[in-house]
Amino acid sequence: MYRQGKIALTALVGIFMSLLLAPAPEAAPRDYSMNLSPHKHAFRFSFEGEPVRRGRNSERFELRDGDCGGSDCRNPRYRSEIRIKRRGADALLNKDIWYGWSFYNETIPSFPADVALKVVLAQWKLGGEARSILRFVQLGQGEGNWRNCARNICTRPSDNSEDVVVQLDDMNVGEKWGAQQNFGQICRLFSMKRTKGRWTDIVLRTNFGTDENGYLQIWVNDRLKCDYRGKLVSDLRMKRHLRPNHRRGISAVYTERWDAKRPNTPKPTMIAYFDEFLSGSSREEVDPRMREKAGLRAKD
């Protein structure tokens with residue numbers, strides 16, 4: 001009896017020590033927290049030899065099949081994502097703000113429409129389960145009513161291979177947009193396939209407008225890809241006190257099609273890097289290319 005108790009105690013001590021010494025998930029950047037992403041490989045800063053746009057390191061995100069946490073595990077989605085804390089959020093409704101960052105696609109593939117995971121790379125929300133005010137989302141090949149979308153809503157696409165688009169999801173749901181408004185998918189931005197293995201520089205300007213004075217402009221590698229004018233936030237009830245909060249990483253927000261078409265096939269492991277993410281009051285403060293040309297210090 002004593003011997004069995006001693007063995008059990010030794011085993012418990014071993015378990016405790018292994019937990020104590022186990023590597024913890026790397027902390028999110030300052031003023032950010034992990035968002036429903038408890039898996040250790042979800043986020044870390046880059047190691048030597050990995051892609052870096054400028055400076056010493058970049059942010060690395062990795063999403064594996066089934067990496068869910070919290071409410072995501074009860075829904076058809078999973079993510080590796082960071083979320084800005086309230087003290088770090090500097091955006092306001094109806095106030096001009098600029099964002100700039102660089103994106104590097106390591107392994108995210110293009111998807112046929114019938115199995116597309118609706119991968120979200122960046123989004124701004126008013127909190128909780130609210131719909132995204134705007135989000136960068138990857139569509140399946142050939143998805144979208146781009147040719148017939150209302151001209152005051154959508155930018156006519158110049159390249160049908162560009163599967164990463166910007167979507168006004170809050171307007172899509174709140175205003176009951178449909179095919180005529182392309183379900184809130186207003187501009188094509190870039191091709192996930194063509195960004196593989198290279199940095200893509202992105203600049204965004206908006207005021208998160210709640211009326212017709214709203215606007216959204218997005219430049220990709222110095223090229224204006226989106227110039228939308230109009231509301232970005234729909235019904236303001238119970239939203240006035242909230243601030244748009246930013247999230248970035250890799251989120252697979254719609255997995256039902258894959259599970260139906262390929263039930264016995266694991267979803268691909270997706271890896272991407274972000275660097276030089278900044279917000280400010282002018283393009284010169286946030287544009288990766290302008291900052292590099294001006295000799296400004298890298299954001300590390």
Discussion item. Pull out all pairs, ordered by first then second residue, where Cβ-Cβ is under 7 Å, the residues are six or more apart or on different chains, the first lies in the stretch 92-112 and is under 18 Å from Met270 (Cβ atoms), and the second is among the basic types (Lys, Arg) and buried (at least 17 other Cβ atoms within 10 Å of the Cβ).
Written reply: Ser102/Arg53
Worksheet item: Filter the stretch 200-245 for residues that are within 21 Å of the chain's Cα centre (by Cα) and charged (D, E, K, R); which is nearest to Arg151 (Cα to Cα)?
Response: Asp227
Worksheet item: Within the stretch 170-193, restricting attention to residues that are outside any loop (DSSP other than H, G, I, E, B) and aliphatic (A, V, I, L, M), which residue is surrounded by the most Cβ atoms within 10 Å (Cβ to Cβ)?
Response: Ile186
Worksheet item: If a residue has to be without any contact (Cβ under 8 Å) to a residue 24 or more places away in the chain and either assigned to a strand (DSSP E or B) or of a type outside the set (A, V, I, L, M) (or both) to count, how many in the stretch 260-279 make the cut?
Response: 3
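Name the residue, out of Ser234, Ser158, that is surrounded by 14 or more Cβ atoms within 10 Å (Cβ to Cβ), among the hydroxyl-bearing types (Ser, Thr, Tyr) and not in a helix (DSSP H, G or I).
Selected residue: Ser234, the only one of Ser234, Ser158 that is surrounded by 14 or more Cβ atoms within 10 Å (Cβ to Cβ), among the hydroxyl-bearing types (Ser, Thr, Tyr) and not in a helix (DSSP H, G or I).
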Practice prompt. Run down Lys118, Lys95 and say which single residue is closer than 25 Å to Pro244 by Cα, out of contact with any Lys or Arg (no Cβ under 9 Å at 6 or more places or on another chain) and either among the hydrophobic types (A, V, I, L, M, F, W, C) or at pLDDT 95 or above (or both).
Written response: Lys95
Worksheet, complete the sentence: Arg30 fails exactly one of (1) modelled with pLDDT of 95 or more; (2) within 18 Å of the chain's Cα centre (by Cα); (3) of a type in the set (D, E, K, R); (4) surrounded by fewer than 22 Cβ atoms within 10 Å (Cβ to Cβ), namely (1)
Practice prompt. Examine the stretch 175-192 for a residue that is of a type in the set (Ser, Thr, Tyr), over 22 Å from Glu212 (Cα atoms) and out of contact with any helix residue (DSSP H, G or I) (no Cβ under 7 Å at 6 or more places or on another chain), and state whether such a residue exists.
Written response: yes
Item to complete: Could you please find all residues in the stretch 181-211 being touching a residue at least 60 places away in the same chain (Cβ under 8 Å) and β-branched (Val, Ile, Thr)?
Response: Thr195, Thr200, Ile202, Val203, Thr206, Thr210
Item to complete: Name, by its number, the condition in (1) in contact with a Ser or Thr (Cβ under 7 Å, 6 or more places away or on another chain); (2) free of Cβ contacts under 8 Å to residues at least 40 places away in the same chain; (3) surrounded by 23 or more Cβ atoms within 10 Å (Cβ to Cβ) that does not hold for Gln167.
Response: (1)
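The values are calculated or read from the model by the stated rules, or taken from the named source; none is laboratory data. Since the model is a prediction, treat every value here as computed from it, not as a measurement. FYI the Cβ positions are ideal-geometry reconstructions off the backbone, even for glycines, and counts take in every protein chain you see.
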